[in-house]
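Everything on this sheet refers to the single structure shown next.
The values are calculated or read from the model by the stated rules, or taken from the named source; none is laboratory data. Worth saying up front: this structure is predicted, and the values here are computed from it rather than measured. Using ideal geometry, Cβ is built from the backbone for each residue, glycine included, and neighbour counts are taken over all protein chains shown. All accessible areas refer to the heavy atoms of the entire protein, side chains included, with ligands and DNA or RNA removed. Shrake-Rupley method; radii C 1.70, N 1.55, O 1.52, S 1.80 Å.
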Amino acid sequence: MTDRSADTALLDAARTLDAADPLAAHLDAFVEAPGVTAYLDGNSLGRPLRDVPEKLAAFVREDWGTRLIRSWDEQWMALPMELGDRIGAITLGAGPGQTVVSDSTSVLLYKLMRGALRQAQGPRGAAQGPAGRTELVIEEGNFPTDRFLAEGVAAEMGATLRWITPDPVHGVTVDDVAAVVSERTALVSLSHVDYRSGALADMPAITAVAHDAGALMLWDLCHSAGVVPMQLDDWGVDMAVGCTYKYLNGGPGSPAFAYLRHDLQGLLRQPIQGWWSAADIFAMGPEYVPADGIRQLLSGTPPVTSMLAMQSMIDLIEQSGIDGVRAKSESLTALAVRAYDELLAPLDVRLLSPRDPARRGGHITIGHPDFREVTRRLWADGVIPDFRFPDGIRLGLSPLSTSHAETVAGVLAVRDALESGVS
Ligand SMILES: *Cc1c(COP(=O)(O)O)cnc(C)c1O
């Protein structure tokens, strides 16, 4: 019964693709993890670059240890904006002065959602606001923090949530959004790439539908920043947030980024108006005046130490080109789907991601009732995918750190664990 010819063909195909991969040399740019044969979770926690340990040590020795507080003036004050500009230019299609690195994705979502609702409702709140827009559109499959924050902000602002129920595999469509927006919509808040299925939303078309209804559009880019190219400026996006510890490899808890387009910077007021968002940080004056520029989205002292590791990955993405990263990403997920078809579909595993590479981001998800136990066993064996409740395994294929061979090895390991019987 054990005909392994499909295994051999898949491993050969993977080797051929790796040999032709123009980005293959970068696989060595990451810190080695002894005992790990397939790391398929780079979309949850990207791997550190090899130069990060020395970069951190040099930072402690020199920038902090020797330059001491002078480093604030010399480099750290500007870092949230400088890094934001680099993320904007290299991964987001955003011109300078519109992206800033700060806080966590959750906190930035709160700042922007609340700022947008307040803007749409007018300064005196929902009841008397001139625009009278009181609805926030969100979808049921969005990441929990996005949904929880929307609920909290809606309660705080007297707004109403309008829920979209999208197809769980193919994600939110333009029609789904068109069906719920109206003259009451203040804000539409969606994820670009669905954290479960990997479905890629049509950002330009959905943004246009929100705008046609007179609403603002907020995109969560956690699962697309650094892997799916986008053009926030050209597509007229109003606001966006994203993580830096996923495909930007900033390390656990590295701060998030926010994008706020130029012409909203004077209009939208974020609610956590700490001193770092003030026009003159060191005026220490009696009253608060917000900064003109993107610094208005900051609140308190930025986490400089946590902004070091991501710089190596941003450099590497710049060197590779985001379009090249995307091409490899499509190649990796296509091979994973082929391996699924050949090895896992016969074992009643479900494919929970779109089949068309153009319609998905950098990961695919598969489902089977035994996957919780399978994941436990794979982790113990050094094959590391992501388990997603209730019975999904997510294969996150971060293009710069993942090979085709590693991808096939991961699917083979899932097959072997299922076949050997988990219980
Ligand atoms: C990972 C992720 C988050 C995480 O938010 P944190 O504040 O960094 O914990 C939020 N939204 C989406 C869509 C994510 O994928």
Given the condition touching a residue at least 40 places away in the same chain (Cβ under 8 Å) and among the aromatic types (Phe, Trp, Tyr), answer yes or no: does some residue in the range 157-168 qualify? no
Filtered residues of the range 384-414 (kept if in contact (Cβ under 8 Å) with a residue 12 or more places away in the chain, open to solvent by 10 Å² or more (accessible area, probe 1.4 Å) and not small (Gly, Ala, Ser)): ILE384, ASP386, PHE387, ARG388, ASP391, GLU406, LEU412
For the range 141-163, does any single residue satisfy the condition of being among the β-branched types (Val, Ile, Thr), closer than 23 Å to PHE389 by Cβ, away from the ligand (no atom under 14 Å from the Cβ) and surrounded by fewer than 24 Cβ atoms within 10 Å (Cβ to Cβ)? no
If you go through the range 88-101 one residue at a time, how many are assigned to a strand (DSSP E or B) and either aliphatic (A, V, I, L, M) or open to solvent by 10 Å² or more (accessible area, probe 1.4 Å) (or both)? 2
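Which one of ASP85, ASP28, ASP73 is within 24 Å of the chain's Cα centre (by Cα), assigned to a helix (DSSP H, G or I), exposed (fewer than 14 other Cβ atoms within 10 Å of the Cβ) and more than 16 Å from the ligand (Cβ to nearest atom)?
Details: ASP85 fails: exposed (fewer than 14 other Cβ atoms within 10 Å of the Cβ); ASP73 fails: within 24 Å of the chain's Cα centre (by Cα).
ASP28 is the lone residue from the list that is within 24 Å of the chain's Cα centre (by Cα), assigned to a helix (DSSP H, G or I), exposed (fewer than 14 other Cβ atoms within 10 Å of the Cβ) and more than 16 Å from the ligand (Cβ to nearest atom).
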Just the residues that are hydroxyl-bearing (Ser, Thr, Tyr) and in contact (Cβ under 8 Å) with a residue 12 or more places away in the chain, please, taken from the range 1-51. THR37, TYR39, SER44
Determine which single condition ALA78 fails, assuming it passes every other condition in (1) surrounded by 15 or more Cβ atoms within 10 Å (Cβ to Cβ); (2) under 30 Å from SER189 (Cβ atoms). (1)
Test: ARG61 is out of contact with any helix residue (DSSP H, G or I) (no Cβ under 7 Å at 6 or more places or on another chain), away from the ligand (no atom under 16 Å from the Cβ), open to solvent by 40 Å² or more (accessible area, probe 1.4 Å) and farther than 17 Å from MET230 by Cα: yes
